[in-house]
1. Could you give every pair whose Cβ atoms fall below 7 Å, whose first residue belongs to region B:557-585 and is basic (Lys, Arg), and whose second residue is at pLDDT 90 or above and surrounded by 11 or more Cβ atoms within 10 Å (Cβ to Cβ), counting only separations of at least 6 or pairs across chains?
2. For region A:64-106, name all the residues that are more than 19 Å from A:Met39 (Cα to Cα), surrounded by fewer than 11 Cβ atoms within 10 Å (Cβ to Cβ), away from chain B (no Cβ under 12 Å) and of a type outside the set (Lys, Arg).
3. Looking at B:Leu375, B:Leu405, which is the one that is closer than 25 Å to B:Ser233 by Cα, surrounded by 24 or more Cβ atoms within 10 Å (Cβ to Cβ), touching a helix residue (DSSP H, G or I) at 6+ places or on another chain (Cβ under 9 Å) and not polar (S, T, N, Q)?
4. If a residue has to be touching a residue at least 60 places away in the same chain (Cβ under 8 Å) and within 11 Å of chain B (Cβ to nearest Cβ) to count, how many in region A:3-41 make the cut?
5. Can you pull out the helices (runs of 4 or more DSSP H) entirely within region A:1-69 that have at least 1 residues that are touching a Gly at 6+ places or on another chain (Cβ under 6 Å)?
6. Condition test on B:Ala358, is it of a type outside the set (D, E, K, R) and under 18 Å from B:Leu434 (Cα atoms)?
7. Based on what the data block shows, is B:Asn66 assigned to a strand (DSSP E or B), at pLDDT 90 or above and either more than 30 Å from B:His337 (Cβ to Cβ) or in contact with a His (Cβ under 7 Å, 6 or more places away or on another chain) (or both)?
8. Kindly provide the set of residues from region B:100-117 that are surrounded by fewer than 24 Cβ atoms within 10 Å (Cβ to Cβ) and of a type in the set (Gly, Ala, Ser), ordered by number.
Amino acid sequence: MNSIITSVPINSYILLCTTLFCIGVMGVLLRRNVIIIFMSVELMLNSVNLLFTAFSAYSSNPAGQIFVFFVMVVAAAEIAIGLAIVVMIHRNTKTVDVNEWSKLKG
Amino acid sequence: MNISAIVAVSILVPFAGFLLNFLFGSKIPKSLVSIIGCGSILIALAMNIMLFVSALDGPATITYFNWIHAGSFSVDFSFLIDRLSVLMLLIITGVGFLIHLYSVGYMHDDDAYFRYFAYLNLFVFFMQMLVMGSNYLIAFIGWEGVGLCSYLLIGFWYKNTNYNNAAKKAFIMNRIGDLGFLIGIFWIFNQFGSINYKEVFAGAQGFIINNNYNDTVIIFITVLLFIGAIGKSAQIPLYTWLPDAMAGPTPVSALIHAATMVTAGIYVIVRSHVLYSLAPFTQDIIAIVGITTAFFAATIGLAQNDIKKVLAYSTVSQLGYMFVALGVGAYGSGMFHLMTHAFFKALLFLCAGSVIHAMGGEQDMRVMGGLRKKLPITFITMLTGTLAISGIPPFAGFFSKDEILAKAYEHNPILWVVGLITAVITAVYMFRMLFLTFYGNFRGDAHQESHLHESPSTMTIPLMVLAVLSLVGGFLGIPEVFGGKHILNDYFAPIFSDIATVPHTGTVLSHSMEFILMAVSVGLVLVAIYFASRMFIKKTAEGMDEEPKGFAKLLANKYYVDEIYDTLIVKPADWFSGFIYRFLELDFIDGMVNGIGRATNYSGKTIRKLQTGHIGFYLFAMTICIVILILINNFFIS
């Protein structure tokens with residue numbers, strides 16, 4: 001199992017994860033649909049998870065992989081609450097466009 | 001019962017009476033309030049009589065617990081029962097009980113009846129504490145406590161602004177004296193390493209043995225304690241509160257502002273007589289202040305029209321006599337006059353109260369007159385009191401006042417001359433009061449005349465008892481001239497034995513000389529009474545309301561002392577406070593506080609514009625900030 005992971009050079013993992021993370025960031029910043037924004041956040045989280053796993057395998061240290069589980073749990077909880085909020089807002093505003101949600105201003 | 005239990009009961013029962021009446025007085029009937037109020041004092045009186053008997057055998061110090069202990073400073077919560085303190089206790093609770101009883105009749109229509117008795121009991125509690133304390137600190141608690149009760153009772157009818165101002169005046173004037181007293185206590189501790197009477201006076205004995213008189217430190221201590229006494233006992237320059245204190249109910253004037261509290265200053269000085277004997281310089285100051293006050297207040301008394309104001313100034317004047325006695329080292333005579341004065345001045349005030357009661361609250365003597373027939377008991381008792389204060393033998397005032405005058409003559413004949421003139425003036429204004437009130441024709445309106453009545457028996461019985469005391473009280477100190485036995489001097493001998501070795505200044509009067517002095521003073525007083533009767537006995541309503549002129553106007557306005565104090569002290573203080581208020585308070589402190597508020601408000605108003613409500617903007621700002629943080633973290637910190 002380890003050998004399969006380590007058969008790919010570490011640089012490739014770093015490159016891939018950085019790319020995925022940047023795509024996620026751009027998604028969060030540029031898209032207006034709140035569902036897409038959530039998906040981009042998930043993409044960022046999972047790119048980091050992947051990097052965790054890769055480093056863990058390379059350094060033969062299981063701590064990184066255990067940490068991934070925690071991230072997944074927290075992400076699941078976060079998405080559950082987030083989506084619930086989105087659903088409630090959608091019921092009131094009939095839209096999922098974040099730019100329409102600008103009532104909470106100072 | 002052992003002595004410590006007796007003391008505890010004596011002091012705690014009035015306090016319990018205060019608590020009961022103060023907390024539950026509004027819910028229980030008036031009769032129960034009076035039973036609690038008078039009963040608690042009666043119990044205390046019974047206890048004090050037992051203490052008196054035990055104190056005849058010798059002094060006792062009763063320690064309950066160690067109250068304050070810090071380094072070398074240690075104060076016990078303890079009481080000293082000796083011949084001096086039990087005599088004071090008997091006066092306080094004896095006269096106090098009679099006045100409580102009198103108040104039952106006098107205050108029966110008052111809505112705040114229970115509050116009155118609660119305060120009165122609290123006063124007795126504190127006064128006993130002041131007298132019984134075995135160190136200066138316990139005495140100081142009582143000292144402050146009686147000041148508080150005085151304040152509460154002067155302002156008893158608190159809906160009247162003038163009364164409240166009088167109460168405040170009394171409190172503030174007393175505070176000035178209290179400060180002196182407190183610093184005196186600090187200095188005593190610094191000098192003697194203790195504030196227990198026993199240790200302080202033992203330390204002072206060292207000065208006597210070394211013949212070290214007029215030591216600077218002792219002079220300062222005694223003068224500071226005397227400043228406290230000036231405030232409490234209403235001497236020049238702090239006497240103006242006492243006439244104003246007449247705003248309180250009349251029995252309060254009798255108990256607090258004539259018989260007991262105002263004598264606290266005398267008591268403290270007699271208690272500290274060892275220290276005062278060491279400082280003849282301070283004694284001279286006391287004698288001068290005392291005689292000046294006696295004379296000054298007596299002249300003011302000549303021109304007052306308010307029956308209580310006359311008595312108030314006569315109290316100030318008589319307290320001056322007591323200070324003269326202390327100043328010439330005749331502590332026993334001072335205590336003697338304190339006791340007789342408590343009897344006859346309480347009597348006079350209660351009689352005045354009875355008159356005021358009959359007149360429906362009217363205190364102006366100009367509308368009285370001819371009350372002799374309507375108020376026979378009050379008249380007889382008031383005549384007794386007036387004869388006593390004027391110093392007519394065989395009434396109590398004669399013995400005590402002439403003893404003081406004789407002692408003053410031994411010290412310095414000038415004191416005697418001024419004291420004699422004061423005695424003559426006293427006779428004039430007291431008989432002026434008596435004649436204006438009880439002789440001539442009634443000068444009030446018809447409604448008041450129909451209302452005239454003798455007071456109920458709860459009021460007249462105390463009058464009669466006090467009249468008897470004013471008559472026989474003097475027999476405790478019959479001078480040797482009359483071949484009598486000076487019981488009080490023998491009684492006090494153990495107390496004053498510790499200053500027996502202090503050299504006595506002045507000459508000892510021969511018996512014939514003493515007799516001549518007495519004859520002169522009695523003769524002059526009789527002449528004064530004769531003139532007073534010629535002037536005032538047939539006084540009609542005509543000319544009463546005339547504006548006094550010349551010197552009489554000066555007297556009627558009390559030498560404008562209040563106005564002078566107002567101009568010299570109150571107004572500048574007022575002006576300075578106003579100045580501080582305008583510049584320091586309004587501009588600086590308020591400016592600072594408001595400035596902080598305004599700055600917060602302004603910055604909030606400005607910064608809130610960042611909250612655009614656009615989620616995209618928030619996310620963008622967050623990302624940028626995180627990037628900046630990472631950059632800082634990578635390039636600047638590590």
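The values are calculated or read from the model by the stated rules, or taken from the named source; none is laboratory data. None of the values given here were measured: they were computed from a predicted structure. Virtual Cβ from ideal backbone geometry, glycine too; neighbours counted across all protein chains shown.
1. The qualifying pairs are B:Lys558/B:Ile300.
2. If the condition is that a residue be more than 19 Å from A:Met39 (Cα to Cα), surrounded by fewer than 11 Cβ atoms within 10 Å (Cβ to Cβ), away from chain B (no Cβ under 12 Å) and of a type outside the set (Lys, Arg), then A:Asn92 is the only one that fits.
3. On the way: B:Leu375 fails: closer than 25 Å to B:Ser233 by Cα.
Result: B:Leu405 is the single residue among B:Leu375, B:Leu405 that is closer than 25 Å to B:Ser233 by Cα, surrounded by 24 or more Cβ atoms within 10 Å (Cβ to Cβ), touching a helix residue (DSSP H, G or I) at 6+ places or on another chain (Cβ under 9 Å) and not polar (S, T, N, Q).
4. If we filter region A:3-41 for residues that are touching a residue at least 60 places away in the same chain (Cβ under 8 Å), which is where we start, we get A:32-35, A:37.
Now drop any that are not within 11 Å of chain B (Cβ to nearest Cβ), which leaves A:32, A:34, A:37.
Of the residues in that region, 3 qualify.
5. Numbers: elements: A:2-6, A:10-30, A:34-58.
Counting at least 1 such residues, we get A:34-58.
6. Numbers: of a type outside the set (D, E, K, R): yes; under 18 Å from B:Leu434 (Cα atoms): yes.
Yes.
7. Numbers: assigned to a strand (DSSP E or B): yes; at pLDDT 90 or above: yes; either more than 30 Å from B:His337 (Cβ to Cβ) or in contact with a His (Cβ under 7 Å, 6 or more places away or on another chain) (or both): yes.
For B:Asn66, the condition - assigned to a strand (DSSP E or B), at pLDDT 90 or above and either more than 30 Å from B:His337 (Cβ to Cβ) or in contact with a His (Cβ under 7 Å, 6 or more places away or on another chain) (or both) - is met.
8. Those that are surrounded by fewer than 24 Cβ atoms within 10 Å (Cβ to Cβ) and of a type in the set (Gly, Ala, Ser): B:Gly105, B:Ala112.
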